[in-house]
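Below is one structure, written out as C-alpha cells, with a few remarks after it.
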Amino acid sequence: ICSPRAPNVTVTDDGLSPHMSRLMKEKGYILTCSSHVVGEGLELELGENHEVWTEFYRRRLEDDQARFMGWAAMARARRKGDERNVPRWKKETESVLKEEKPDQDSK
C-alpha cells in the first residue's frame, strides 16, 4: 500500500532500485511497508496501490522509447535462444518460408 508522503514519516530502505526510489519521492509517495512513523498526526490514504502501480510501472512503459527497448530486448532474447538451438531455428525458418511461397507464386 502506498500513501502520500507525510513530514512525520521516514523511509529507511524501500527496497526499490535507486531510480524507482527517486521517482517515488519526486511524486510524493512512500511504501508504507518500509516506513516508520516518527511523529503524531499521520493520515494514510489506503487503496492508492493501483494508482501508483499504474503510474510507476504501466505508464512509463507506454512511450515510444520504452516500447522500442522492449522489442529490442525480446528480439535479442529470441536471437540468443535461436543461436543455442540451431536445428529448431532452421525448422521454424523453413516452415515460414514454405508458408510465404504460395503468396509469391500468385503475383
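Numbers below:
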quantity: Under-5 Å amide H pairs with Tyr29, H placed in peptide plane, nonlocal only; calculated: Arg5
quantity: In Å², nearest 10: area of Tyr57 left accessible to a 1.4 Å probe; calculated: 70 Å²
quantity: From phi via Karplus (6.51, -1.76, 1.60), per-residue ³J(HN,Hα) for the range 45-56 in Hz, x at Gly/Pro; calculated: 9, 7, x, 7, 4, 5, 4, 5, 4, 4, 5, 8
quantity: Label-to-label distance, nm, for residues given as Asp14 and Ser95 (7 Å Cα→Cβ offset); calculated: 4.5 nm
quantity: For the range 78-85, 3J(HN,Hα) per residue [Karplus equation, 6.51 cos²θ - 1.76 cosθ + 1.60, θ = phi - 60°, Hz, x = Gly/Pro]; calculated: 4, 4, 5, x, 5, 5, 7, 9
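The values are calculated or read from the model by the stated rules, or taken from the named source; none is laboratory data. Since this is a predicted model, take the numbers as computed values, not measurements. Positions of Cβ are generated from backbone atoms using ideal geometry, with glycine treated the same way; all protein chains shown enter the neighbour counts. Surface accessibility is based on the protein's heavy atoms, side chains included, excluding ligands, DNA and RNA. Shrake-Rupley method; radii C 1.70, N 1.55, O 1.52, S 1.80 Å.
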